[in-house]
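This report refers to the structure that appears directly beneath it.
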Amino acid sequence: MKLKTFGIKARDQELALERLMVLSAPNGSGKSTFAEAIRFLALGYIPSLGKRPHDTAVVMREPSMSATLTLSDGRVVTRSLEETDTGFHARAECSWLESHGVQRHAHEILNLFGRDEQDVAEALDIRQLLNAGAHQREARIAGLLSASHSAPESKLARIRALLLERPSHHDPRALGAALGRLEALLRDAGTAEALAWAAEERRRAASLVLQKAKAREELQARIAPLASDDGEQIRRLEAERERLERELGALEEKALQARLREERSERLARALDAARAALHEAVAERERWEARALDLAHVPEDLFLVEEEFERLEAPRFQEPPAAAALRAEADAIVLPEIPDLVSAGRRLDALEAREETIAESPWSEVADIAESLRALSKSRPGSPMIDLLVHAQRLSQLARQALRAAATELRRRQADQRARAERLRNESEERAAERIEASTRQTALRAEADRIGKEARDAHARVLAGFEEQRLDLLRRRDTLRKTMQALSTEDRRTSAALDKAQLLVESLERERSELRSPADEGVPPEAEVHRALHDVRRELASLGVVQTGRGEVDRLAQEEGRARGSRDLYAGLERSLQRLQEEEIMESREQITAILASILHAAGRTETPYFTAAQGVFRIGWCTSSGKEIPVQALSGGEWILFAAGLAATVLILRNAPLRILLVEAGEADAHTLSALLDGLRSVGDRLTCALVLTPRAVAAPGWTVVKRFGPAAVAAR
């Protein structure tokens with residue numbers, strides 16, 4: 001396996017994990033980086049720092065950190081933590097899972113190291129066990145051993161069965177809430193933490209019982225002298241109390257009505273003053289509007305004149321000047337002369353010259369050649385037949401030459417005619433080209449003059465159109481201004497008129513309400529001093545009547561609270577007893593297996609003692625027994641003996657849990673050379689049952705069978 005870290009503590013690290021490995025380097029060299037990286041990889045947090053992301057982030061060197069473990073079968077698991085603008089973002093990834101969410105990947109990684117977070121945290125961090133004081137060791141070990149058994153659901157079922165063995169009347173709601181909390185603790189923290197919680201809740205409930213009982217007894221002692229057994233006196237006081245309460249209610253109602261009328265009158269006076277001021281302001285604003293409307297009385301007439309002028313306004317149209325049109329017509333009437341086709345004449349002449357070369361290939365040439373051959377044959381063979389043949393050959397030769405001369409003469413004549421015709425066409429073409437150039441020049445000049453005249457006309461039309469557009473925009477601006485003025489006058493008219501009407505209605509309403517409020521007050525309202533005396537008498541009579549009754553009601557309430565506290569105390573005491581029984585059963589179930597594996601580790605480490613475990617009646621005892629039979633509890637072990645015992649016990653529990661990755665981390669910084677050597681020998685005996693045993697020490701060690709790494713990083717040097 002290979003472990004690689006990024007962004008964790010001082011620097012990035014990379015290490016190939018062997019089954020038995022010792023990291024031997026001075027403090028500060030980066031040994032603990034690997035231990036924290038393995039814990040972070042397995043759990044997503046570091047148990048000694050806390051479960052929250054910002055607790056784990058204290059070991060981050062960069063904005064993000066990650067730990068990657070490549071397994072021996074090639075699979076890869078990775079966990080990372082990244083700081084973003086909105087907080088921390090955690091990720092988990094397993095190479096063999098194609099998709100699924102982060103939770104699925106995180107659960108898969110956790111299952112590689114153990115059954116649940118509690119198991120994995122205890123297996124990968126035994127520092128709390130090693131650092132435990134003598135009086136804490138048994139409790140720590142009991143929690144470690146009891147956490148390695150059945151699932152939380154089966155534990156809760158066993159606790160229910162133990163509670164039923166001792167029947168009691170518990171509040172169903174309190175029992176359900178306690179069992180729900182207990183199930184969460186069993187799932188997240190284990191039996192030991194659940195037992196500690198039940199004991200603390202029992203102590204808190206017992207303390208509350210004592211507080212409520214003491215308060216109840218003190219209150220009973222205070223109200224005892226005031227208690228009365230005269231029923232007639234109590235009935236008389238009850239009747240007097242009811243009469244005084246009715247009289248008090250009537251007096252308070254009359255006083256309240258008087259105060260309300262007075263307060264209402266004051267509020268109406270203030271509101272009427274404000275309404276009259278608002279009416280005065282509305283009248284003044286209406287007068288200002290009327291004056292402004294009088295000043296702007298001419299606006300409707302001005303708007304009518306502007307709109308009438310705007311309707312009469314017509315945009316000028318463009319018309320091309322006649323002179324330009326005439327020049328264009330004259331230019332279009334000019335016809336350009338056609339130029340003769342000199343190319344065709346040249347091609348015909350070339351064709352005649354080419355035929356001159358073909359005369360030599362004429363059939364008459366072949367006839368002449370045959371005649372010459374016959375003449376040569378007759379001369380070579382004298383005789384009468386040859387003479388006739390010679391005569392005929394000479395005649396054929398004469399006829400062939402005459403035909404060839406006639407064909408050549410005819411061809412030369414036709415060539416001369418064609419050359420003369422081509423010369424005439426060339427002269428005619430030159431004359432026609434000159435005439436065409438002159439006509440084209442005239443046509444271009446006429447069109448240029450027509451364009452100039454048209455441009456001058458268009459420029460003049462554009463100036464006229466610009467003046468028209470300026471006049472139109474000016475009329476539009478004047479019309480919009482006059483319309484806005486009229487609209488503002490109309491809006492102001494409606495607003496000031498509405499404000500004036502509203503102010504007048506408010507003043508009239510307030511004056512009418514005030515006049516109604518000034519009507520004669522109700523008769524029979526007593527003076528203020530008499531009301532206060534009556535209130536004082538009522539309170540004194542009510543106090544004398546209610547002291548005993550209030551005290552008795554408080555006593556009853558305290559008694560009920562005391563009963564509920566007793567129920568809670570009994571409930572949590574039952575849970576504590578059940579959890580103690582459960583822990584004892586779990587420890588005793590695995591005692592033989594734990595004793596056998598731990599004894600083999602201790603014997604391999606050179607110890608002759610044998611471990612022992614007992615759990616009964618809430619008492620847990622653990623230690624080792626010497627060869628003479630003397631039991632030595634863990635509280636009496638020396639520092640080195642405790643390190644060896646605790647590490648061996650952690651390895652034993654890890655083996656029994658049998659997770660896919662059984663990684664044991666032992667940070668033995670406090671162990672001396674002798675203890676460290678014995679520890680390595682003991683763990684080597686069970687090395688084949690562990691995936692990896694990683695011991696961290698600042699000491700230089702010679703460890704047969706172990707891989708000792710003295711330097712860390714991408715180029716780590718290891719010596720076996």
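Please enumerate, by chain and number, the lysines with C-alpha under 22 Å from the C-alpha of K9, excluding those fewer than 8 residues away in the same chain.
The qualifying lysines are K31, K51, K710.
Would you compute, for the Cα atoms of the stretch 256-335, the largest minus smallest coordinate along each principal axis and list the three values in descending order, in whole Å?
Projected onto its principal axes, the Cα set of the stretch 256-335 covers 119, 30, 12 Å.
Could you give the distance between the Cα centres of the stretch 392-457 and the stretch 625-651, to the whole Å?
133 Å
Please compute the net charge surrounding A213, taking Lys and Arg as +1 and Asp and Glu as -1 over other residues with Cβ under 11 Å from its Cβ.
For residues surrounding A213, the net value is 0.
Return the distance in nm (one decimal) between the two label points of a simple spin-label model at T84 and R222, each offset 7 Å from Cα along Cα→Cβ.
According to this spin-label approximation, the distance is 5.9 nm.
What does a probe at A326 reach in the stretch 413-453, counting residues whose amide N is under 18 Å from the point 7 Å along Cα→Cβ?
443, 445-453
Please give the FRET efficiency for Y612 paired with L656, using the beta carbon to beta carbon distance and R0 = 22 Å, rounded to the nearest 0.05.
Step by step, r from the Cβ atoms, then E = 0.80.
Any number yet on Rg/Rh for the stretch 1-60, C-alpha, Kirkwood?
Over the Cα atoms of the stretch 1-60, Rg/Rh equals 0.96.
Go ahead and collect, in residue order, the members of the stretch 658-683 whose backbone nitrogen is under 15 Å from a label point 7 Å along the Cα-Cβ direction of S638.
Backbone N within reach: 671-679.
Distance from a point 7 Å along Cα→Cβ of R699 to each backbone N in the stretch 562-605: keep the residues under 17 Å and list them by number.
Those under the cut-off are 605.
Cα centroids of the stretch 284-316 and the stretch 15-57: how far apart, whole angstrom?
89 Å
At C625 and A293, where each label point lies 7 Å from the Cα along Cα→Cβ, what is the point-to-point distance in nanometres?
Distance between label points: 11.8 nm.
Out of all Cα-Cα pairs in the stretch 34-79, roughly what percent, to the nearest whole number, are more than 17 Å apart?
31 percent
Please give the FRET efficiency for R312 paired with E456, using the beta carbon to beta carbon distance and R0 = 30 Å, rounded to the nearest 0.05.
0.55
Find how much the distance from R270 to A184 grows on full extension, using 0.36 nm per residue of separation minus their present alpha carbon separation; answer in nm with one decimal.
Going from the current span to full extension adds 24.4 nm.
Using the basic label-point model (7 angstrom from Cα toward the beta carbon), what is the A498 to A284 distance in nanometres?
If labels sit at A498 and A284, their model points lie 2.3 nm apart.
For A433 and H392 in the same chain, what is the full-extension length gain: residue separation times 0.36 nm, less their Cα-Cα distance, in nm?
Computed gain between A433 and H392 is 8.6 nm.
Across every pair of different alpha-carbon atoms, what Kirkwood hydrodynamic radius in Å does the stretch 603-699 reach?
After inverting the pairwise mean of 1/r, the radius is 14.4 Å.
If you count, for each residue, the other Cβ atoms within 10 Å and average over each peptide, how do 692-699, 105-112, 254-261 line up from highest to lowest?
Ranked by mean Cβ neighbours within 10 Å, highest first: 692-699, 105-112, 254-261.
Based on the mean of other beta carbon atoms within 10 Å per residue, what is the order of 574-582, 653-661, most packed first?
Ranked from most to least packed, the peptides come out as 574-582, 653-661.
Quick note: the coordinates plus some simple rules give every number you see, no bench work behind them. All figures in this text were calculated on a predicted structure; none of them were measured in a lab. No Cβ is skipped: glycine too gets one built from the backbone with ideal geometry, and neighbour counts run over all protein chains shown.
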